[in-house]
């Protein structure tokens, strides 16, 4: 279990480093303004390729089963996972599928076409619906093992910290507009403003 937690931590550090404004600025310094066009696509490819071994690790290490959700309750968890996948798809569509993948940026001029802030749909209820859907999906898995528990704990910490980290970038990008949105919209849980949330 400790190995899985450490691997998730390492993944989170690499992922956060690549997602940081500092790294993007360095890429812009080295390559020029064209870096803005391809950086998101590069980031997505690296994030996906490095996530695959993290997800495979629980199946490769010795493990033991903790519980199995029996029928009929398992159908509720599977339905919840399906809804989470639907929410993920809707969230990606709302932000723009091509933009999310990093393909739209290849043909955009960032200086002439600033990104609009999305506050409707799922973003009306939480500021990070993709993270919320991801958390719902991993915790509704009907068969829990020790390795999966370690992976889920690691991913949960990573997603919560990642959401807080992303807030800094969004404030820098959208300024007062995002600050006002943040004041009225919970971060991850609809209707709940956690202690770590911001009031200003």
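The values are calculated or read from the model by the stated rules, or taken from the named source; none is laboratory data. For clarity, every value in this text was computed on a predicted model and none was experimentally measured. Using ideal geometry, Cβ is built from the backbone for each residue, glycine included, and neighbour counts are taken over all protein chains shown.
Identify, from the list 78, 82, the residue that is free of Cβ contacts under 8 Å to residues at least 60 places away in the same chain and within 23 Å of residue 140 (Cα to Cα).
82
For residue 137, which of the numbered conditions (1) in contact (Cβ under 8 Å) with a residue 24 or more places away in the chain; (2) crowded, with 16+ Cβ neighbours inside 10 Å; (3) farther than 23 Å from residue 73 by Cβ fails to hold?
(3)
Filter the stretch 31-87 down to the residues that are assigned to a loop (DSSP other than H, G, I, E, B) and over 16 Å from residue 151 (Cβ atoms) and list them by number.
Selection gives 32, 33, 34, 69, 70, 71, 72.
Of the residues 8, 54, which single one is over 26 Å from residue 97 (Cβ atoms), under 17 Å from the mean Cα position of the chain (by Cα) and surrounded by 14 or more Cβ atoms within 10 Å (Cβ to Cβ)?
Selected residue: 8, the only one of 8, 54 that is over 26 Å from residue 97 (Cβ atoms), under 17 Å from the mean Cα position of the chain (by Cα) and surrounded by 14 or more Cβ atoms within 10 Å (Cβ to Cβ).
Test of understanding: among 155, 151, 179, 159, which residue is in a helix (DSSP H, G or I), surrounded by fewer than 17 Cβ atoms within 10 Å (Cβ to Cβ) and modelled with pLDDT of 90 or more?
179
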